[in-house]
Amino acid sequence: MNKMHRVVGRVSMVLAIALTGVALWQPVPVLAADQQPSAKDATATASGEVRRVDAAVGKVAIKHDAISDLELPAMTLVYQASPALLANIKPGDRVRFTAARQNGKYVVTAISN
């Protein structure tokens, strides 16, 4: 019975990890033009390495060092971005980017490699 509990625990852990990855790529609502920015909204410029790009849906995963202005530790984070901004960006590129926190969502507003 103990062995079965370990197997069920491992399967549950793998499923949880897999579902977490799927959740990172879920659509994020776009703000209406008349919405006011919250007090926590901020903008910062940083450098990092592109890990994944999905220009069609406007998402880019960037591994970067801590970004203090956005209160982000060193991590790989999936950002929203205009598909046009991502046209020439590919995994492995070292990039300089400007990101903004808008109502709790992180958005790349400029990026260059």
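Taken together, the values in this text are just the output of simple stated rules run on the coordinates, not laboratory data. This structure is a prediction, so every number in the text was calculated from the model and none was measured. All Cβ positions, even for glycine, are placed from backbone atoms using ideal geometry, and neighbour counts span all protein chains on display.
Numerical summary
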| item | result |
| --- | --- |
| Diffusion coefficient, µm² s⁻¹, Stokes-Einstein with Kirkwood Rh over alpha-carbon pairs of the range 40-112 at 4 °C and 1.567 mPa s | 110 µm²/s |
| Local electrostatic count, Val50, Cβ distance below 12 Å [Lys/Arg +1, Asp/Glu -1] | +4 |
| Around Val107: net Lys/Arg minus Asp/Glu count, Cβ-Cβ under 11 Å | +2 |
| Residue-count net charge about Leu86 - beta-carbon cut-off 11 Å; Lys, Arg +1, Asp, Glu -1 | +1 |
